[in-house]
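The values are calculated or read from the model by the stated rules, or taken from the named source; none is laboratory data. The shown structure was predicted, so the numbers you read here are calculated from the model rather than taken from an experiment. Cβ placement follows ideal geometry from the backbone for every residue including glycine, while neighbour counts extend to all protein chains displayed.
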Amino acid sequence: MVSEKASQRWQYWKERLQSTEDKEAEQGFHDIQDTVGAVASCNGHMSAGVSSGGLLLKYPGRIGEASAAVYGAGCWAQEMRGRKMACSISGTGEYIIRSNLARTIGKVSNEDDLHEALERTLTADFWGTSPITAHLRSHSGAEQSRNAGEPNPNAGVLMMTADSETTVRLWCAFTTPTMAIAYASSTNPNPKVRV
């Protein structure tokens, strides 16, 4: 069941998107996709959160970024063998939920080469391209998302790790052409932005 107001809003944005030829207008459209994630460290504790990106222009049956409400899919925080981590995920919600992506990243966050672990998690586990997961591809979240009309299920990860009480490291990884991040710290509270 779709409300009249939601139907009108969907139709308005669909027509606007289809009628635009201006590259700047297309970028403006992407600006209204409002998924927001956050990771924080305070007094030796870490936390993570993520908001829903809403339902604008989602086709019927799409979950979208509802993974925000699923702990372990859209966000995760833990302390494990001395390394603390918190991560927030944005992207194709159905696949993020199916792959339990945030918790999966938590499982690999204690590896020595975290850069390689993040890359492997997004390419091999998230996309299902490793030889180990090849036999599961037909049942993987990515394959199911593609079959449901989402040809390129994507994800963006914002993660913070700490090996000590005084030092944290911010990581980002994404399967999209770009991902915007912003950060600040207690030693340098002026926000920094990267796109």
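Take Ala124 and decide whether it is surrounded by fewer than 20 Cβ atoms within 10 Å (Cβ to Cβ), assigned to a helix (DSSP H, G or I) and at pLDDT 90 or above.
On the way: surrounded by fewer than 20 Cβ atoms within 10 Å (Cβ to Cβ): yes; assigned to a helix (DSSP H, G or I): yes; at pLDDT 90 or above: no.
So Ala124 fails the test.
Just checking, does segment 56-70 include any residue being modelled with pLDDT of 70 or more and either part of a loop (DSSP other than H, G, I, E, B) or at negative phi (or both)?
Yes.
Checking the condition within 15 Å of the chain's Cα centre (by Cα), in a helix (DSSP H, G or I), farther than 16 Å from Arg169 by Cβ and among the aliphatic types (A, V, I, L, M), which residue from Ile96, Ile89 passes?
Details: Ile89 fails: in a helix (DSSP H, G or I).
Matching residue, one of Ile96, Ile89: Ile96.
Pull up segment 149-195, narrow it to residues that are assigned to a loop (DSSP other than H, G, I, E, B) and crowded, with 17+ Cβ neighbours inside 10 Å, then point me to the one that is farthest from the chain's Cα centre (by Cα).
The qualifying residue farthest from the chain's Cα centre (by Cα) is Glu150.
Looking only at segment 1-29, filter to residues that are in a helix (DSSP H, G or I) and aliphatic (A, V, I, L, M); which one of those is modelled with the lowest pLDDT?
Step by step, filter segment 1-29, then rank; the result is Ala25.
Looking only at residues in segment 81-103 that are β-branched (Val, Ile, Thr) and either buried (at least 24 other Cβ atoms within 10 Å of the Cβ) or in contact with a strand residue (DSSP E or B) (Cβ under 9 Å, 6 or more places away or on another chain) (or both), which one is farthest from Met179 (Cα to Cα)? Spell out how you get there, then give the answer.
Start the filter on segment 81-103 by keeping residues that are β-branched (Val, Ile, Thr), which leaves 89, 92, 96-97.
Now narrow it down to the ones that are either buried (at least 24 other Cβ atoms within 10 Å of the Cβ) or in contact with a strand residue (DSSP E or B) (Cβ under 9 Å, 6 or more places away or on another chain) (or both): 89, 92, 96.
Values: Ile89: 11, Thr92: 14, Ile96: 16 Å.
Among those that are β-branched (Val, Ile, Thr) and either buried (at least 24 other Cβ atoms within 10 Å of the Cβ) or in contact with a strand residue (DSSP E or B) (Cβ under 9 Å, 6 or more places away or on another chain) (or both), it is Ile96.
I'd like to verify a number: residues in segment 101-124 that are out of contact with any helix residue (DSSP H, G or I) (no Cβ under 9 Å at 6 or more places or on another chain) and under 13 Å from Cys75 (Cα atoms), how many?
Residues flagged as out of contact with any helix residue (DSSP H, G or I) (no Cβ under 9 Å at 6 or more places or on another chain) and under 13 Å from Cys75 (Cα atoms) within segment 101-124 amount to 2.
Looking at Ser109, is it more than 18 Å from Ser52 (Cα to Cα) and surrounded by 16 or more Cβ atoms within 10 Å (Cβ to Cβ)?
yes
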